[in-house]
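Trainee: Below you'll find the structure I mean.
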Amino acid sequence: MTRPGGYRDVAVADEEIQQFIIGLKSSIALKLNESESLLNDFKAISYTSRAVLGGNYIVKIQLNDGRVIHIKANKFPNRPSELIAIQVEGITLESPLETIN
């Protein structure tokens, strides 16, 4: 259940979320200090979001090499999306999506 102003329940990522993270590919590669080729076939697994002047998203992503990361990003209606943070250490497919600072 969603609290007012809180994040929604975790959902399976769909094509819209996949396209959203593809738009952040360069920023994710830069933060990971990796080549963009590592992200050629990366896949959004699940996500949660909250509506605030666009949307805040936390997304679980599986990279080409099998590693799993969480990202926090903002999606705006009239300007480019923005990567806020990446969580790498200790993340698995089973890790819960939690707020990233």
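The values are calculated or read from the model by the stated rules, or taken from the named source; none is laboratory data. Only a predicted model underlies this, so the values are computations on that prediction, with no experimental measurement involved. A quick note on method: Cβ atoms are made from the backbone with ideal geometry, for glycine too, and the neighbour counts reach across all protein chains shown.
Trainee: Filter region 22-42 for residues that are within 17 Å of Gln87 (Cβ to Cβ) and either at pLDDT 95 or above or touching a Leu at 6+ places or on another chain (Cβ under 9 Å) (or both) and give the result. Reasoning before the result, please.
Mentor: Taking region 22-42 first, the residues within 17 Å of Gln87 (Cβ to Cβ) are 24, 27-34, 38-39, 42.
Leu24, Ser27, Ile28, Ala29, Leu30, Lys31, Leu32, Glu34, Leu38, Leu39, Phe42 - these are the residues of region 22-42 that are within 17 Å of Gln87 (Cβ to Cβ) and either at pLDDT 95 or above or touching a Leu at 6+ places or on another chain (Cβ under 9 Å) (or both).
Trainee: Which condition does Asn78 not pass, out of (1) of a type outside the set (Asp, Glu); (2) modelled with pLDDT under 90; (3) under 13 Å from Ile28 (Cβ atoms), if it passes all the others?
Mentor: (3)
Trainee: Here is a further query. Exactly one condition in (1) out of contact with any Asp or Glu (no Cβ under 7 Å at 6 or more places or on another chain); (2) without any contact (Cβ under 8 Å) to a residue 12 or more places away in the chain; (3) within 19 Å of Ile100 (Cβ to Cβ) is not met by Gln19; state its number.
Mentor: Exception for Gln19: condition (3).
Trainee: For region 51-63: of the residues being at pLDDT below 90 and surrounded by 13 or more Cβ atoms within 10 Å (Cβ to Cβ), which is farthest from the chain's Cα centre (by Cα)?
Mentor: Within region 51-63, the subset at pLDDT below 90 is 51-55.
Filter once more, keeping what is surrounded by 13 or more Cβ atoms within 10 Å (Cβ to Cβ): 54-55.
Details: Gly54: 15, Gly55: 12 Å.
The qualifying residue farthest from the chain's Cα centre (by Cα) is Gly54.
Trainee: Can you list residue pairs whose Cβ atoms sit under 7 Å apart, with the first residue in region 85-101 being farther than 19 Å from Ala11 by Cα and the second being loosely packed, with under 13 Cβ neighbours inside 10 Å and polar (S, T, N, Q)? Count only pairs 6 or more apart in sequence or on different chains.
Mentor: Every condition considered, the pairs that remain are Ala85/Asn101.
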